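The values are calculated or read from the model by the stated rules, or taken from the named source; none is laboratory data. Being a predicted model, the structure only gives us computed values, none of them experimental. Note: ideal-geometry Cβ built from the backbone for every residue, glycine included; neighbour counts use all protein chains shown.
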Amino acid sequence: MATVRPAEEGDLPGILHIDRQSGRNPSAAEALAAALADPTRLVLVAESGGEVLGWGKTHYWAYPDGPAPAGHYLGGVTVLPSQRRRGVGAALTSARLHWIWARTPDAWYVVNTGNTASITLHSAWGFAEVARGPRFHTTTFDGGLGLLLRAHRPGRGPAPEPATRRRAL
Ligand SMILES: CC(C)(COP(=O)(O)OP(=O)(O)OC[C@H]1O[C@@H](n2cnc3c(N)ncnc32)[C@H](O)[C@@H]1OP(=O)(O)O)[C@@H](O)C(=O)NCCC(=O)NCCS
């Protein structure tokens, strides 16, 4: 069973390991450390038995960029390849969305049009396309085209668990 909790400095090696194992450009350790200390952002890890299995963060943009407004954006959820399809990505996303929706009605997310896994994962919370383009804020996309999506806070009560979640963590 994995536990989702705020990331700490001691998690940075595990986070960088996940990025490397996933073939992603590892986040700069200094930038991650700054994100941990930033009250406008949330960085989470999912861990089990002392091992970091996945991580995800949010980013707050204080100003708009074309169709991409100011606001809280999900960012960079990544799960160890050996631990995928076990609900870790969904748990990290649910927790970050609860945090964003406690602060603002809209959560934002950008993704490469070819990232089926990520798009399917996020669709469970009702993310809908707002725009598509080559760049939103500082994010560009391999292959050149990305999506900007928004999910509204549910009308009543806490954010729902994703409709596709069937397994307990
Ligand atoms: C996207 C990613 C975070 C998903 O993590 P995960 O822990 O495997 O996701 P979950 O197990 O919580 O999956 C939840 C649901 O998302 C969807 N999903 C996840 N991976 C999928 C895939 N490869 N193909 C299609 N749907 C997928 C499914 O609906 C899944 O539910 P199911 O397993 O009951 O069918 C993971 O594939 C990853 O780290 N990818 C590389 C990094 C990346 O692209 N991050 C997103 C950047 S925008």
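Is at least one residue of segment 101-112 within 11 Å of the ligand (Cβ to nearest atom), touching a helix residue (DSSP H, G or I) at 6+ places or on another chain (Cβ under 6 Å) and more than 19 Å from His137 (Cα to Cα)?
No.
Does segment 55-67 contain any residue that is charged (D, E, K, R) and surrounded by 13 or more Cβ atoms within 10 Å (Cβ to Cβ)?
So far as segment 55-67 goes, yes, one or more of its residues are charged (D, E, K, R) and surrounded by 13 or more Cβ atoms within 10 Å (Cβ to Cβ).
Considering only segment 117-139, state which residues are part of a loop (DSSP other than H, G, I, E, B) and surrounded by 14 or more Cβ atoms within 10 Å (Cβ to Cβ).
Within segment 117-139, Ala124, Trp125, Gly126, Phe127, His137 meet the criteria.
Mind checking which residues of segment 62-87 are under 15 Å from the mean Cα position of the chain (by Cα) and over 19 Å from Asn112 (Cβ atoms)?
Residues satisfying the conditions are Gly71, His72, Leu80, Gly87.
Could you tell me which numbered condition Gly71 fails, if it satisfies all but one of (1) within 14 Å of the ligand (Cβ to nearest atom); (2) among the small types (Gly, Ala, Ser); (3) at pLDDT 95 or above; (4) out of contact with any Leu (no Cβ under 9 Å at 6 or more places or on another chain)?
If we test Gly71 against (1) within 14 Å of the ligand (Cβ to nearest atom); (2) among the small types (Gly, Ala, Ser); (3) at pLDDT 95 or above; (4) out of contact with any Leu (no Cβ under 9 Å at 6 or more places or on another chain), just (1) comes out false.
Give the residues of segment 22-44 that are touching a residue at least 40 places away in the same chain (Cβ under 8 Å) and either loosely packed, with under 14 Cβ neighbours inside 10 Å or aliphatic (A, V, I, L, M) (or both), sorted by residue number.
Arg24, Leu42, Leu44
Please find, within segment 113-159, the residue that is farthest from the ligand (Cβ to nearest atom) out of those that are farther than 18 Å from Pro69 by Cβ and β-branched (Val, Ile, Thr).
Thr140
Can you pull out the residues in segment 1-41 that are part of a loop (DSSP other than H, G, I, E, B), of a type in the set (Lys, Arg) and modelled with pLDDT of 95 or more?
Within segment 1-41, Arg41 is the sole residue that qualifies.
Only one residue in Gly76, Gly144 is modelled with pLDDT under 95 and in contact with a strand residue (DSSP E or B) (Cβ under 6 Å, 6 or more places away or on another chain), so which one is that?
Selected residue: Gly76, the only one of Gly76, Gly144 that is modelled with pLDDT under 95 and in contact with a strand residue (DSSP E or B) (Cβ under 6 Å, 6 or more places away or on another chain).
How about segment 77-100: which of its residues are within 6 Å of the ligand (Cβ to nearest atom) and under 19 Å from Thr58 (Cβ atoms)?
Within segment 77-100, Val77, Thr78, Val79, Val88, Gly89, Ala90 meet the criteria.
Determine, yes or no, whether Pro81 is within 20 Å of Gly54 (Cα to Cα), out of contact with any Lys or Arg (no Cβ under 9 Å at 6 or more places or on another chain) and not β-branched (Val, Ile, Thr).
yes
Return the pair list, or none, for Cβ contacts closer than 6 Å from residues in segment 107-119 that are farther than 14 Å from Ala151 by Cα to residues that are among the aliphatic types (A, V, I, L, M) and near the ligand (Cβ under 8 Å from one of its atoms), at least 6 apart or on different chains.
Final answer for the pair search is Ser118/Val111.
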